[in-house]
Amino acid sequence: MQEQDGNKQFNISERLEDLRREHEALRWEGSFRDYFELVAQNPRIAQLSHARINDMVHAAGVERLNEGTQHEILSYNFFATELFGIEEPIARIVEYFKSAAQRLEVRKRILLLMGPVGGGKSTIVNMLKRGLEDWTKNESGAVYAIKDCPMHEEPLHLIPHQLRAEVEKHYGIYIEGDLCPQCRYALEHTYGGRHEDVKVHRVAFSEKERVGIGTFSPSDPKSQDITELTGSIDLSTIGEVGVESDPRAYRFDGELNIANRGLMEFVEMLKVDEKFLYSLLTLSQEQSIKTGRFAMIYADEVILSHSNENEYIAFAGNRKSEALQDRIILVKVPYNLRVSQEERIYDKLLHQSEVLRNVHLAPNTLKVAAMFAVMTRLEEPKRQNVDIVKKMKLYDGEDVEGYKSKDVRELKEETVREGMDGISPRYIINRLSSALVRDGVTCINPIDSLRAIKDGFEQHTGISSEQRERYLNMISLARKEYDELAKIEVQRAFVYSFEEMARTMCNNYLDNVEAFCNKERIKDPITEEEMDPDEQLMRSIEEQIGISENAKNTFRQEILIRISSYARKGKPFEYNSHERLKEAIEKKIFADLKDVVKITTSTKTPDPDQLRRINEVVDRLVKEHGYCPVCANELLTYVGTLLSR
């Protein structure tokens, strides 16, 4: 069974054999004496659950965002492939694990993620669970347990308390916890009290095999039993052993038992019955589980839950739950508020399907949908000179004339619960999916996406009439932003077809700027007459990108510095060597050629010259800008309509 893949061959039998070998390589079994030698050489093998997760996350690497600023944000590579735009909540989660890894009191708390639906809470938990499964399969995250222990117990629990201080003094090994009832019984009756002979083996965490990762989901409180968390009596053996307090008569297979040394996920923790929460109180504070007719059983596990805001508010207002509230570390996980990151979310979700193999996604389609979604999540700015669109751009790191990074911080500080409301990524993906699978569709563009989003308002049960009006306004704002993007796209395609014009205009501008900054006169290339720099020409270009009269000197000096920098490196300075100058020249040419573009794009019966120019622009849009012939022609028609208004 082989498939040809370029120059490589994929042999399913060989790959399956490789996987079996990898699985076999994880096997290790020995006595407690053998295990202790491993720990003596590397004490991190015996680390506690929070430290294990902390190591796992940091091993993937960390990047610094906004480096050098007062509000520097860390981006953790462990989460970076799946989660976008929520770096701050993730940083707080990692901070919790970092503190807990130092055995600070914070490890005796429940980590609760609270936020709107579709904000990434479940993804964070799933990434930690899947990550633990992979981490325990490599040497850095190797985990060893007492063989046949249902709780995959740390073998160091075999060391009597009287010896632990000496072990820590000589080997630097910290030991916490005690044997579970079943291991205590086995030590006495199977191994005759010989601790060093107890069998130890290596384990790999697996949610499916119920090793190191537990999951509890609330259901009908009347039918759901606490034994799901703490295990139950084994009726098949009770007749043999005679009493329920015999460890052999009990199944230590509750979710809290099997999650020992790893992670326990409580799905919608705040919806569960109070009797389940009492078990959490004991486990979080005392690190113990009360099971059946046994003494408290030590458990080392991370308790992680997630909930929506309404559930949390109701929980926080309940005086009966004060004890549990005091044992919760709350991390808010709001929606992403950056357009560029929202695009990445949609791109990731869409590429998980096969639909994009058959349907083309026009440039800016996801961006325009992301603009709408982000605007619905933003609180209206309190400043008079900032609107919701400017705020959206500032949050995404765009330059907005007259604003600096400190303004962004102040805008965020003015908000109360920004990102906790609005349209979820799931809704946008649902609407884009409906547009992508329509019969006969070969390409969808930004207008198609906005239309699909708007059409879905009637079906969205969570949108009130007041919200609907607000969202319709956001659709209009996103449409206006797209109108400008569309004009720029066509402008650039036309400018590139008149590249010589752009180069000539740039050289003319640079000659005048150089003369202006050096306080020199400029020589006319034809008459050789010396003249003052052409202020009108320079301002006509600079005004295209909002350079004010007061800011013109700074901008011109900046251009001159860039020219000098290029000259030192022996590189020619072109019109596209400075992003803002490039934008200004393109806009200036587009303004000068507006009538040509308008006539070319809107005429129904183009003459041969117009047809040639249209074909050039379409070809450039397809080859250099990611368009297909369908959406390239639709773009030209659309811009022609805009310019004809």
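The values are calculated or read from the model by the stated rules, or taken from the named source; none is laboratory data. Worth saying up front: this structure is predicted, and the values here are computed from it rather than measured. Every residue, glycine among them, receives a Cβ derived from its backbone with ideal geometry; neighbour counts consider all protein chains shown. Heads up: the accessible areas ignore ligands, DNA and RNA and are worked out on the full protein's heavy atoms, side chains in. Shrake-Rupley method; radii C 1.70, N 1.55, O 1.52, S 1.80 Å.
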Q | Convex hull of segment 100-176 built on C-alpha atoms - directionally averaged projected area, nm² | A | 7.6
Q | Carbon plus sulfur fraction of accessible area for segment 414-501, probe 1.4 Å, in percent | A | 45
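With a 1.4 Å probe and all protein chains left in place, how much of the accessible area of segment 198-286 comes from carbon and sulfur atoms, in whole percent?
Numbers: 1830 of 3880 Å².
Carbon and sulfur: 47 percent of the exposed surface of segment 198-286.
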Q: Would you be so kind as to identify which of LEU537, LEU560, ALA591 lies farthest towards the positive end of the dipole of segment 520-591, taking Lys and Arg as +1 and Asp and Glu as -1 on Cβ and the Cα centre as origin?
A: LEU560
(Q) In whole Hz and in residue order, list the ³J(HN,Hα) couplings for segment 559-574 that follow from phi through the Karplus curve 6.51 cos²θ - 1.76 cosθ + 1.60, θ = phi - 60°; x for Gly and Pro. (A) 5, 5, 5, 5, 4, 4, 4, 5, 5, 4, 8, x, 9, x, 8, 9
Q) Once the principal axes of the Cα atoms of segment 307-422 are found, what is the range along each, listed largest first in whole angstroms? A) 55, 44, 18
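In the chain, what % of DSSP beta bridges are antiparallel (nearest 5)? Walk me through the numbers before you get to the answer.
Working: 22 of 42 bridges.
DSSP beta bridges in the chain are roughly 50 percent antiparallel.
Could you tell me which trypsin sites (Lys or Arg not before Pro) in segment 546-590 are loop residues by DSSP with no more than 16 other beta carbons within 10 angstrom of their beta carbon? Kindly include the intermediate steps, with their values, before the conclusion.
Values: sites: LYS552, ARG556, ARG562, ARG568, LYS569, ARG580, LYS582, LYS587, LYS588; in loops: LYS569.
Those that pass, being in a loop and sparsely packed, are LYS569.
Quote the relative contact order of segment 349-416 in percent (integer), defining contacts as alpha-carbon pairs under 8 Å separated by 6+ residues.
Working: 24 pairs, mean separation 13.9, N = 68.
Relative contact order here is 20 percent.
Would you kindly state how much longer the chain becomes between ARG44 and GLU558 on full extension, computed as 0.36 nm times their sequence separation minus their alpha carbon distance, in nm to one decimal?
Values: separation 514, 0.36 × 514 = 185.04 nm, distance 5.38 nm.
Once the chain is fully extended between ARG44 and GLU558, it gains 179.7 nm.
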Q: Only helical DSSP H runs with n ≥ 4 go in: add -39500 (n - 2.57) per run for the chain, normalise by residue count and round the 222 nm mean residue ellipticity to 500 deg cm²/dmol.
A: -15500 deg cm²/dmol
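So if we plug the beta-carbon distance of CYS517 and GLU624 into 1/(1 + (r/R0)^6) with R0 = 30 Å, what FRET efficiency do we get, rounded to 0.05? Please report the intermediate quantities before stating the final value.
On the way: r = 34 Å, r/R0 = 1.13.
Here the calculated transfer efficiency is 0.30.
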Q | GLU469-TYR171 pseudo-label distance in nm [points 7 Å out on the Cα-to-Cβ vector] | A | 7.2
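What's the carbon and sulfur percent of segment 79-152's accessible surface, probe 1.4 angstrom, rounded to a whole number? Mind showing how you got there, number by number?
On the way: 1210 of 2750 Å².
Whole-percent figure for carbon plus sulfur exposure: 44.
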**Q.** Dipole of the chain, positive direction: furthest Cα of MET474, SER433, LEU48, with charges on the beta-carbon
**A.** MET474
Q | J(HN,Hα) series, segment 410-416, from Karplus relation 6.51 cos²θ - 1.76 cosθ + 1.60, nearest Hz, glycine and proline x | A | 5, 4, 5, 5, 6, 7, 9
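So with the 1.4 Å probe, I'd like the accessible area per residue for segment 484-586, rounded to whole Å². Write down the numbers at each step before the final one.
Working: 5780 Å² over 103 residues.
Per-residue accessible area for segment 484-586 comes out at 56 Å².
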Q: Compute the relative contact order of segment 574-645 as a whole-number percentage, counting only Cα pairs closer than 8 Å that sit 6 or more residues apart in sequence.
A: 30
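Taking 0.36 nm per residue of sequence separation and subtracting the Cα-Cα distance, how much length would be gained by fully extending the chain between LYS406 and ARG438, in nm to one decimal? Mind showing how you got there, number by number?
On the way: separation 32, 0.36 × 32 = 11.52 nm, distance 4.57 nm.
Result for the pair: 6.9 nm of gain on full extension.
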Q | Size of electric dipole in the chain: Cβ of Lys, Arg +1 and of Asp, Glu -1, about Cα centre, debye, nearest 20 | A | 460
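From largest to smallest, what semi-axes in whole angstrom does the chain give when each is the square root of 5 times an eigenvalue of its alpha carbon gyration tensor?
Working: eigenvalues 773, 156, 132 Å².
Each semi-axis is the square root of five times an eigenvalue, giving 62, 28, 26 Å.
Dividing the convex hull volume of the alpha carbon atoms of segment 455-552 by its residue count, what do you get in Å³ per residue? Could you put the intermediate results ahead of the total?
Numbers: hull volume 13.7 nm³, N = 98.
Normalising the Cα hull of segment 455-552 by residue number yields 140 Å³.
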Q) With every protein chain present, what accessible area does TYR403 have (1.4 Å probe, heavy atoms only), rounded to the nearest 10 Å²? A) 40
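What is the ratio of the Cα radius of gyration of segment 43-177 to 2.2 N^0.38 Å, with N the residue count, to two decimals?
Cα-based Rg divided by the globular estimate yields 1.23.
Express the accessible area of segment 261-354 per residue in Å², computed with a 1.4 Å probe while the remaining protein chains stay in the model.
On the way: 4190 Å² over 94 residues.
Per-residue accessible area for segment 261-354 comes out at 45 Å².
Note the full-extension length gain between SER245 and MET501 as 0.36 nm times their separation in residues minus their Cα-Cα distance, in nm to one decimal.
Details: separation 256, 0.36 × 256 = 92.16 nm, distance 9.12 nm.
Result: 83.0 nm gained on full extension.
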(Q) Rg/Rh for segment 497-645 to two decimals, with Rh computed the Kirkwood way over all alpha-carbon pairs. (A) 1.05
Q) Taking only protein heavy atoms and a 1.4 Å probe, what accessible area per residue, in Å², does segment 366-426 have with all protein chains in place? A) 48
Q.
Quick check: pseudo-label points 7 Å beyond the Cα along Cα→Cβ at ASN430 and ALA316, how many nm apart are they?
A. 2.7
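What is the diffusion coefficient of segment 374-456 in µm²/s, taking the Kirkwood radius over Cα pairs and the Stokes-Einstein relation at 37 °C with a viscosity of 0.692 mPa s? Numbers along the way, then the final one.
Values: Rh = 14.8 Å.
In µm²/s, the coefficient rounds to 221.
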Q | Kirkwood-based Rg to Rh ratio, segment 127-221, C-alpha trace | A | 1.04
Q. Angle between the Cα long axis of helix 499-517 and the longest principal axis of the chain, 0 to 90 degrees, nearest 10?
A. 90
Q: Give the long-range amide H neighbours of GLU301: residues separated by 5 or more places, or on another chain, with amide H under 5 Å away, using H modelled in the peptide plane at 1.01 Å from N.
A: ARG261
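How much of the DSSP bridge set in segment 201-316 is antiparallel, in percent, rounded to the nearest 5? Kindly include the intermediate steps, with their values, before the conclusion.
Working: 5 of 14 bridges.
Of those bridges, close to 35 percent are antiparallel.
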Q | Estimated distance in nm for a label pair at MET531 and GLU354, the labels positioned 7 Å out from Cα along Cα-to-Cβ | A | 6.6
Q) Helix 339-350: angle to the longest alpha-carbon principal axis of the chain, degrees 0 to 90, nearest 10? A) 60
Q. How long is segment 413-478 along each principal axis, judged by its Cα atoms, biggest number first, in Å?
A. 47, 24, 21
**Q.** Accessible area in the full protein assembly, largest first, 1.4 Å probe, for ILE175, ILE226
**A.** ILE226, ILE175
Q. What angle do you read, to the nearest 10 degrees and between 0 and 90, between the alpha-carbon axis of helix 365-377 and the longest principal axis of the chain?
A. 70
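Please list GLU286, GLU586 from largest to smallest accessible area, probe radius 1.4 Å, with all protein chains kept in place. All intermediate terms of the calculation are to be shown ahead of the outcome.
Details: GLU286 115, GLU586 0 Å².
I get GLU286, GLU586, largest accessible area first.
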Q) With no solvent and one point on each alpha carbon, what is the Debye value of log10 I(q)/I(0) for segment 86-131 at q = 0.17 Å⁻¹? A) -0.54
Q. At q = 0.24, 0.27 Å⁻¹, what is the log10 ratio I(q)/I(0) for segment 260-328, with the Debye formula run over Cα points and no solvent?
A. -1.16, -1.35
**Q.** 17 Å reach of a label modelled at ASP595, 7 Å along Cα-to-Cβ, counting backbone N of segment 629-645
**A.** 643-645
(Q) Between LYS290 and GLU209, how high is the FRET efficiency from 1/(1 + (r/R0)^6) when r is the Cβ-Cβ distance and R₀ = 25 Å? Nearest 0.05. (A) 0.45
Q: Quick one: accessible surface of THR215, probe radius 1.4 Å, all protein chains present, in square angstrom to the nearest 10.
A: 40
Q: Could you give me the radius of gyration and the Dmax of segment 198-337, taking only the C-alpha atoms into account and expressing both in angstrom?
A: 16.8, 62
**Q.** Förster radius 60 Å - calculated FRET efficiency between SER540 and ASN126 (Cβ-Cβ, nearest 0.05)
**A.** 0.60
Q) Using alpha-carbon pairs under 8 Å, 6+ residues apart, how would you state the relative contact order of the chain in percent? A) 12
